[in-house]
1. Does segment 102-124 hold any residues that are among the polar types (S, T, N, Q) and surrounded by 14 or more Cβ atoms within 10 Å (Cβ to Cβ), and which are they?
2. Considering only residues that are more than 20 Å from S118 (Cβ to Cβ), surrounded by fewer than 17 Cβ atoms within 10 Å (Cβ to Cβ) and touching a residue at least 24 places away in the same chain (Cβ under 8 Å), which ones fall in segment 152-170?
3. Select, from I120, I110, the only residue that is closer than 29 Å to V20 by Cα and in contact with a Lys or Arg (Cβ under 8 Å, 6 or more places away or on another chain).
4. For the structure I just gave you, tell me whether W179 is surrounded by 13 or more Cβ atoms within 10 Å (Cβ to Cβ), in a strand (DSSP E or B) and assigned by TED's automatic domain parsing to the domain that holds N80.
5. Just to be sure I understand, how many residues within segment 128-145 are more than 22 Å from the chain's Cα centre (by Cα) and either at negative phi or assigned to a loop (DSSP other than H, G, I, E, B) (or both)?
6. Given the condition modelled with pLDDT of 85 or more and either within 21 Å of the chain's Cα centre (by Cα) or not assigned by TED's automatic domain parsing to the domain that holds M177 (or both), answer yes or no: does some residue in segment 73-83 qualify?
7. Given the conditions (1) under 24 Å from V170 (Cβ atoms); (2) modelled with pLDDT of 95 or more, which single one is not true for T95?
8. Which ones in segment 153-176 are under 26 Å from V20 (Cβ atoms) and either among the polar types (S, T, N, Q) or outside the structural domain of I116 (by TED's automatic domain parsing) (or both)?
Amino acid sequence: MCEITQTLIRRGAILRVVLVLLILLFMTTTVVSQEKGTPEVPLSSSSVTSNESTGELMDFCIVYFSNADTYISESEPGDNFGSLSYLSASPHCNTTNSEKRILVNFSEPIASSSVIKSAILHLNYYAYEGVNPANRSLTAKRITSNWSESSVNWNNQPPTESFYPADTLVPSSYKTMAWDVTASVLYNLDNYDDSMAG
C-alpha cells in the first residue's frame, strides 16, 4: 500500500564547496654581513634582502546560496508554487499521483579550473504532513536546462542528469539535511555546456 507523506523544506538552499587552492607564501630572507669580533651591524646598513616564494595547499570552503527554488506537483501539473514560503517533496504513489519534486538553482559559477574536494547541498527539514517520512530516501539530481521559479510546473519541468544522483535519508527529527553532490559537481565541471543550468 502506498503511504502519502510530504517532507516540508524551508526555502534557501546552501551549497558548500571545499576547494583546494595553491597559496603562494612570500618569505623575506635577510642576510647580514658581519665579521667575528666586530660590533653588531644595523640591518639597514649592511644587509641583502631576497624574496623567496613557497607553495602551500590549503582548503577553502565557499558557500553558495540559491537564487531560485520552488517545487512541482504531479497531482497539480499546471500549477506553479514559486511564491510559497516552503518547499515540498514526496515520493511517487501510483494510485494518487502524489509525487512532489524540489527544484533549486545556484547561479554563481564554479571555475572550471577549480580543484574540488567536496560539494555538499544543504536543505532545512522543518515539518511533514501525513505519514512520518523518517528514513525515506530523497535523491538529488542535477538539472540540465534553464527554468523559471515563477512559471515552472510539473508539465514543463526541466530534465535532470542521470549521472551521479545523490541520496540521503530523511532524519527522525527536524534538522538540516545534506546531500553529497561532489561527483555531480565534478562531472558538471568536466562536461560543462553554457546552455545547461548548473
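The values are calculated or read from the model by the stated rules, or taken from the named source; none is laboratory data. Keep in mind it's a predicted model, so treat the numbers as computed, not measured. Neighbour counts are summed over all protein chains in view; Cβ atoms, including those assigned to glycine, are modelled from backbone coordinates with ideal geometry.
1. Hits for segment 102-124 are N105, S114, S118, N124.
2. Selection gives N155, Q157, P158.
3. That would be I120, the only listed residue that is closer than 29 Å to V20 by Cα and in contact with a Lys or Arg (Cβ under 8 Å, 6 or more places away or on another chain).
4. Yes: the conditions hold for W179.
5. Going through segment 128-145 one residue at a time, the tally reaches 7.
6. Looking through segment 73-83, at least one residue is modelled with pLDDT of 85 or more and either within 21 Å of the chain's Cα centre (by Cα) or not assigned by TED's automatic domain parsing to the domain that holds M177 (or both).
7. Every listed condition holds for T95 apart from (2).
8. Hits for segment 153-176 are T168, T176.
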